[in-house]
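Asker: Here it is, the structure in full.
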Amino acid sequence: MSEIVLNATLRTELGKKAKGVRRQDMIPGVFYARDEQPITIKVPRLSLHPLIYTSETHVVDLRLGDGSARKCILRNVQFDPVSDVPMHFDLQGLHENEELTVEVPVVLVGGTAPGVKEGGMLQQVIHKISVSCLPRYIPERIEVNISGLAINDAIHVSDLPIPNVEVLANPDDTVVVVVPPRVTAEAPVAAEGEEPAPAEPEVVGKGKKEGEEGDEEEKES
């Protein structure tokens, strides 16, 4: 798995003073690990983008202003609910022989599914899958090949070969499916002398993507 270097400065601005950090275009964060005291840090806002806006999982090579370094992963990011700007982040330290739980992005490969060419609609239900493994086995991403999916075909969690990890998701959960094309109901034919009845409105439900949650309150520590 690829690594990303993240240069950070030790942070002394805590609590409400963290707002001043953001005015400097810096994002406050915390590094934590087993048997270590949490370290409060700050990083330039743009330096977080390769970790946030990506379809891969990365190991972070955290380099601190005092010359020390830590291996970690990005555990959590809080965003402003209006501007969607990062407000706070958490990094979890890695230990070589200690398993951890991490969410791995699901990426569809294989081009256009045959069922889509026949008029079906591709629906990706799961976008991240939680796994437990040693740091050296963390997958960058989970690739799902959709090149053989016809209409009504689906791929489930149990169909995914992910070596050296324990998959924590339900094996029966659907990852991706090709659903049949929608058919608009036709208005019934009215009898002679009657007004035609209106067609039933079509209702399309929108499911919530796995992993989506409500906005968390801004963390100031």
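The values are calculated or read from the model by the stated rules, or taken from the named source; none is laboratory data. Because the structure is predicted, anything quoted here is derived from the model rather than measured. Methodologically, a virtual Cβ is constructed for each residue, glycine included, from the backbone with ideal geometry; neighbour enumeration extends over all protein chains shown.
Asker: Which one is nearest to the chain's Cα centre (by Cα), of the residues in region 1-19 that are surrounded by 14 or more Cβ atoms within 10 Å (Cβ to Cβ) and over 30 Å from ARG136 (Cα atoms)?
Answerer: My answer is ALA18.
Asker: Additional query: Collect the residues in region 146-155 that are buried (at least 16 other Cβ atoms within 10 Å of the Cβ) and under 14 Å from VAL107 (Cα atoms), keeping them in residue-number order.
Answerer: Scanning region 146-155 gives ILE146, ILE155.
Asker: Looking at (1) among the hydrophobic types (A, V, I, L, M, F, W, C); (2) surrounded by 13 or more Cβ atoms within 10 Å (Cβ to Cβ); (3) farther than 30 Å from ARG182 by Cβ, can you tell me which one ALA113 breaks?
Answerer: Going through the list (1) among the hydrophobic types (A, V, I, L, M, F, W, C); (2) surrounded by 13 or more Cβ atoms within 10 Å (Cβ to Cβ); (3) farther than 30 Å from ARG182 by Cβ, ALA113 breaks only (3).
Asker: Those residues that are of a type in the set (Asp, Glu) and part of a strand (DSSP E or B), I need them from region 140-157; list them, please.
Answerer: Within region 140-157, GLU143 is the sole residue that qualifies.
For every residue, the table says whether it meets (1) at pLDDT 95 or above; (2) outside any strand (DSSP E or B); (3) of a type in the set (Gly, Ala, Ser).
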{"position": "GLY67", "(1), (2), (3)": "no, yes, yes"}
{"position": "ARG70", "(1), (2), (3)": "no, no, no"}
{"position": "ARG75", "(1), (2), (3)": "no, no, no"}
{"position": "HIS88", "(1), (2), (3)": "no, no, no"}
{"position": "ASN97", "(1), (2), (3)": "no, yes, no"}
{"position": "GLY111", "(1), (2), (3)": "yes, yes, yes"}
{"position": "ILE126", "(1), (2), (3)": "yes, yes, no"}
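Asker: Check whether at least one residue in region 37-54 is surrounded by 12 or more Cβ atoms within 10 Å (Cβ to Cβ), hydrophobic (A, V, I, L, M, F, W, C), under 20 Å from PRO135 (Cα atoms) and at pLDDT 95 or above, and report yes or no.
Answerer: No, region 37-54 contains no residue that is surrounded by 12 or more Cβ atoms within 10 Å (Cβ to Cβ), hydrophobic (A, V, I, L, M, F, W, C), under 20 Å from PRO135 (Cα atoms) and at pLDDT 95 or above.
Asker: Could you give me the residue pairs with C-beta distances under 7 Å whose first residue belongs to region 18-41 and is outside any strand (DSSP E or B), whose second residue is polar (S, T, N, Q) and surrounded by 11 or more Cβ atoms within 10 Å (Cβ to Cβ) wherever it lies, and which are 6+ apart or on separate chains?
Answerer: Close Cβ pairs (under 7 Å, with a partner that is polar (S, T, N, Q) and surrounded by 11 or more Cβ atoms within 10 Å (Cβ to Cβ)) amount to ALA33/GLN92.
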